[in-house]
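As structure tokens, the structure follows; a few thoughts come after it.
The values are calculated or read from the model by the stated rules, or taken from the named source; none is laboratory data. Values in this document were obtained by computation on a predicted structure and should not be read as measured data. In this analysis, Cβ positions are derived from the backbone assuming ideal geometry, glycine residues included, and neighbour counts consider all displayed protein chains.
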Amino acid sequence: MEFSDSELDSFNAVYERDIDIALVVALRASAAVRGLFAGAMGSAATNLVNVRNSVPTPDGREADIELVLASHTGSVTIEIENKLDASFQSEQVESYLKRAMDAKSFAILVAPHQYLAASQVSATRFHGTVRYEDVRDTLLADGNWGRSIALLLEHAIRQHRRGGRMSPDSLPRSQFFNAFAELGANSGLPSIPDRPRKAGAGFLWYPRDVGLTQVRGWKLPNGAHGAWLSAKFEHGSADIELTGIRSLVDLAAVRQIALETGMDLEIDKISLRFKTAAPRLNPDEPLERQSVEARHFVQRVLEARAWWESKGRRSIEACLLPSAAR
């Protein structure tokens, strides 16, 4: 198996979310890939019923991927936890196993070989494991589309061997993020649980469905689409990001909204971002050393959120094309 130098120069960094999406595509398109996951738990079921990512669970957590397969004996549900370089959260494995027991389903861990080898105690508690390397090799037999996803997995594998795209969990950044989240919660923003942050993390996303009221009339697919509230510390902006909506709105009308509000508007291939300027913050420095700027930043986030809830959402709803409801 060989990838060219130009192929191996395709991605600057690969994130677990990228692999989640790639795996969903592969599981939907390839019976052979589905066979890897079914075989990991000793099942022969490979007929696809459904697959989706970022699935909220009854215990308030989230499964990276939910796969439902069928055979002549019935259907089987598999919750898949994808790990590229992140450590396990507190009681994360236990929650997968309890949900599987309650629902009579299965829990599978997918990760690079070296990750599985290094985390044997946790990995062996799942009902089965699948290596990135095996998914990659299986996809290479599936033509150009399979090779493209195999290339993404190869990047992820090499990235893990190098020690990840970022340094290990950074105590200064974790403390900064947690302090900012607490400051925001005390000022009226949604609460965000404390969690470790990587050294490269420079922005904070609030949970979608508590951060902002979602656009009515926009039929959201599963995944990352929707209206998000984010704080871009190093760029100095509080953003309302509408992920996956670009093709579903009248862009001329959206530009007029930005012009009337005085907000900066960014448009990329799939998303719109309404940006409110805020002081730049350094996540490597304690928040108390930037307290004045931090309070101003929180105020900008509150203003962006207030605009969205009072006027912005309804303005976007007025720009929706008929295709948004499909």
*When you scan the range 1-55 for helices (runs of 4 or more DSSP H) that lie fully inside it, which ones turn up with 3 or more residues that are farther than 17 Å from Ile149 by Cβ?*
31-40
_Test of understanding: among Gln120, Gln92, which residue is of a type outside the set (Gly, Ala, Ser), touching a helix residue (DSSP H, G or I) at 6+ places or on another chain (Cβ under 9 Å) and modelled with pLDDT under 95?_
Gln92
*Of everything in the range 237-253 that's charged (D, E, K, R) and part of a strand (DSSP E or B), which residue is farthest from the chain's Cα centre (by Cα)?*
Asp239
*What single numbered condition from (1) of a type in the set (Lys, Arg); (2) modelled with pLDDT of 95 or more; (3) under 19 Å from Leu204 (Cβ atoms) fails to hold for Lys232?*
(2)
*Would you please list the contacts, defined by Cβ atoms under 6 Å and residues six or more apart or on different chains, that run from a residue in the range 45-58 that is free of Cβ contacts under 8 Å to residues at least 40 places away in the same chain to a residue that is in a strand (DSSP E or B) and crowded, with 16+ Cβ neighbours inside 10 Å?*
Ala45/Leu69; Ala45/Val76; Val49/Val68; Asn50/Val68; Val51/Leu67
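Determine which member of the set Leu320, Leu287 is more than 25 Å from Asn178 (Cβ to Cβ), touching a helix residue (DSSP H, G or I) at 6+ places or on another chain (Cβ under 8 Å) and in the same structural domain as Asn186 (by TED's automatic domain parsing). Step through it out loud before you land on a result.
Values: Leu287 fails: more than 25 Å from Asn178 (Cβ to Cβ).
It is Leu320.
Let's see how each residue does on (1) touching a Ser or Thr at 6+ places or on another chain (Cβ under 9 Å); (2) over 23 Å from Arg158 (Cβ atoms); (3) surrounded by fewer than 17 Cβ atoms within 10 Å (Cβ to Cβ):
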position: Leu8; (1), (2), (3): no, no, yes
position: Asp20; (1), (2), (3): yes, no, no
position: Val33; (1), (2), (3): yes, no, no
position: Gly42; (1), (2), (3): no, yes, yes
position: Ala45; (1), (2), (3): yes, yes, no
position: Leu48; (1), (2), (3): no, yes, yes
position: Ser54; (1), (2), (3): no, yes, no
position: Pro58; (1), (2), (3): no, yes, yes
position: Glu62; (1), (2), (3): yes, yes, yes
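Would you call Val76 among the β-branched types (Val, Ile, Thr), crowded, with 21+ Cβ neighbours inside 10 Å, part of a strand (DSSP E or B) and modelled with pLDDT of 90 or more? So that I can check it myself, show each step before the final result.
Values: among the β-branched types (Val, Ile, Thr): yes; crowded, with 21+ Cβ neighbours inside 10 Å: no; part of a strand (DSSP E or B): yes; modelled with pLDDT of 90 or more: yes.
In short, no.
Table: residues versus (1) modelled with pLDDT under 90; (2) assigned to a strand (DSSP E or B).
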| position | (1), (2) |
| --- | --- |
| Asn178 | no, no |
| Pro196 | yes, no |
| Glu266 | no, yes |
| Phe274 | no, yes |
_Of all residues in the range 209-229 being touching a Ser or Thr at 6+ places or on another chain (Cβ under 9 Å) and surrounded by fewer than 16 Cβ atoms within 10 Å (Cβ to Cβ), the one that is modelled with the highest pLDDT_ = Val210
_Positions within the range 121-161 being surrounded by 19 or more Cβ atoms within 10 Å (Cβ to Cβ) and part of a loop (DSSP other than H, G, I, E, B), in sequence order_ = Phe126
